[in-house]
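Note sheet for the following structure.
Each reported figure results from applying straightforward, stated rules to the coordinates on display, with no laboratory input. It should be emphasised that the depicted structure is a prediction, and the values quoted were computed from it without experimental measurement. Heads up, the Cβs are rebuilt from the backbone with ideal geometry, glycines too, and the neighbour counts pull from every protein chain shown.
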Amino acid sequence: MRPRQIAAGTGTADEIYLMVAEKLDAAEEARTIFMRGGDSGEVITTEKSWPAMSSVSAGKSVGPA
């Protein structure tokens, strides 16, 4: 949903910041899993919990002040 809003020009700066921050956090988490010797299956299993976390953070005020 967010990429569509951004592409349409209706996304807010806070929304864009949140999306980028979530993607960077997810990449860092995946990197950590791989460095520990995990595999892509573990990344996918872990990733399934990320939407639940992001929906909780969606109500928070984020982004540069």
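Summary of values
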read-out	value
Simple spin-label estimate for Glu29 and Ile16 in nanometres, 7 Å along Cα-Cβ	2.5 nm
Inter-probe distance in nm under a simple model that places probes 7 Å from Cα toward Cβ, at Ala8 and Ser40	3.3 nm
Highest-first arrangement of 29-38, 14-23, where packing means the average Cβ count within 10 Å	14-23, 29-38
